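**Q** Before I ask anything, let me first share the structure, which is written out below as structure tokens.
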Amino acid sequence: VSCKNKPVLGQKTNLSLDSLLLKHPDSVNLLVKHGELALTNFKYDIAIADAAKAFRLDSSRLDTRMLYADAICNNPAIQNADITKAQFHHQKLIKKEPKNIRALVGMAMTYTLRQDFDNSFKYINRALKINPRYRNAYVLKGSNYRMLGNTKLAISSYETAVQQDPDFYGGYLMIGALYQYEKDPICIQYYTTATQLQPNNPDCLYALAYAKEIFGQENDAKMIYRKMIRIDSTY
């Protein structure tokens, strides 16, 4: 989901969507918007709930099928049967729209989940031939390389992803995590960028604080941890 519109990611917009859904719980349009927002912000439990309901209410729409298929793929508790289901929905989308790059990358992700990287790269490359600037294709490419143990190519792919979408804070977290794994303090720069984009996101703040802690910047780490407590004392 490559949404660059900052107000869509803002707290006020999220609150207004929540309020609207309370008044109109069976609005497919609202469910899709709410689910896409949750997917963008890595809130997969919300995304799968919205997607399942929207698809149940109207399975004829391409956007409900797309959200449902992507939400299934991003479910942390995904099972083999779920992957088969996601492949079925992505295949139907591709048959309907052969140049739908989101569906192509979604299909690629189902193969990644089964560690069939040859087929995953095949669909990723099909998407990139259509749109060489599609951010999520590079994200998945990076994840494939990471799983294959090629850190250099993983970082390169994630770097390309954030070049396509400089506001994609998740990409900076991914790059930072790989550099941190390599014990390279440059990870702090990437985590800092993520927190600049998401100053009140506890996940971003925690990544930065922990990196500063392990690389000898304990006082800075303490300040960030205190900020996290003020934002969310239950984190």
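**Q** Using the Cα centre as the reference, give the magnitude of the dipole from point charges on the C-beta atoms of the chain (Lys, Arg: +1; Asp, Glu: -1; all else neutral), rounded to the nearest 20 debye.
**A** Using only the charged Cβ atoms, the result is roughly 660 debye.
**Q** If you count, for each residue, the other Cβ atoms within 10 Å and average over each peptide, how do 141-149, 67-75 line up from highest to lowest?
**A** 67-75, 141-149
**Q** Next question. Please give the Cα centre distance for the range 78-102 versus the range 45-63, rounded to the nearest Å.
**A** Result: 14 Å between the Cα centres.
**Q** Under a point spin-label approximation (7 Å from Cα along Cα-to-Cβ), what is the L62-E218 distance to one decimal in nm?
**A** 5.7
**Q** Cβ neighbours within 10 Å, averaged per peptide: list 169-177, 87-95, 16-24 in order, most packed at the top.
**A** Final packing ranking: 169-177, 87-95, 16-24.
**Q** Cα-based Rg of the range 189-235 per 2.2 N^0.38 Å, rounded to two decimals?
**A** Compactness ratio reported: 1.02.
**Q** Under a 10 Å cutoff between Cα atoms, tell me which one of A221, A51, A77 has the largest fluctuation in the Gaussian network model of the chain.
**A** Result for the chain, Cα springs under 10 Å: A77 fluctuates most.
**Q** Quick check on my link table: of K122/K152; K53/K92; K53/K141; K33/K122; K96/K122; K85/K122, which ones sit more than 22 Å apart, alpha carbon to alpha carbon?
**A** Exceeds cut-off: K53/K141; K33/K122.
**Q** While we're looking at this one, here's another question. Determine Rg/Rh for the range 12-150; Rg is computed over alpha-carbon atoms and Rh is the Kirkwood hydrodynamic estimate from the same atoms.
**A** 0.99
**Q** How do 130-140, 28-38 rank on mean C-beta neighbours within 10 Å, highest first?
**A** 28-38, 130-140
**Q** Another question, if that's okay. How tilted is helix 135-147 with respect to the longest principal axis of the chain? Cα atoms for both, answer in degrees (0 to 90, nearest 10).
**A** 70
**Q** Which one, C187, L173, A137, is farthest towards the positive end of the dipole of the range 120-212 when Lys and Arg carry +1 and Asp and Glu -1 on their Cβ?
**A** Working it through, the farthest residue towards the positive pole turns out to be A137.
**Q** Keeping every protein chain present and rolling a 1.4 Å probe, give me the accessible area per residue for the chain in Å².
**A** Ligands and nucleic acids excluded, the figure is 54 Å² per residue.
The values are calculated or read from the model by the stated rules, or taken from the named source; none is laboratory data. Predicted, not measured: the structure shown is a model, and the values here were computed from it. Counting neighbours? That spans all protein chains shown, and the Cβs are built from the backbone with ideal geometry, glycine included. Heavy atoms of the whole protein, side chains included, go into the accessibility calculation; ligands, DNA and RNA do not. Shrake-Rupley method; radii C 1.70, N 1.55, O 1.52, S 1.80 Å.
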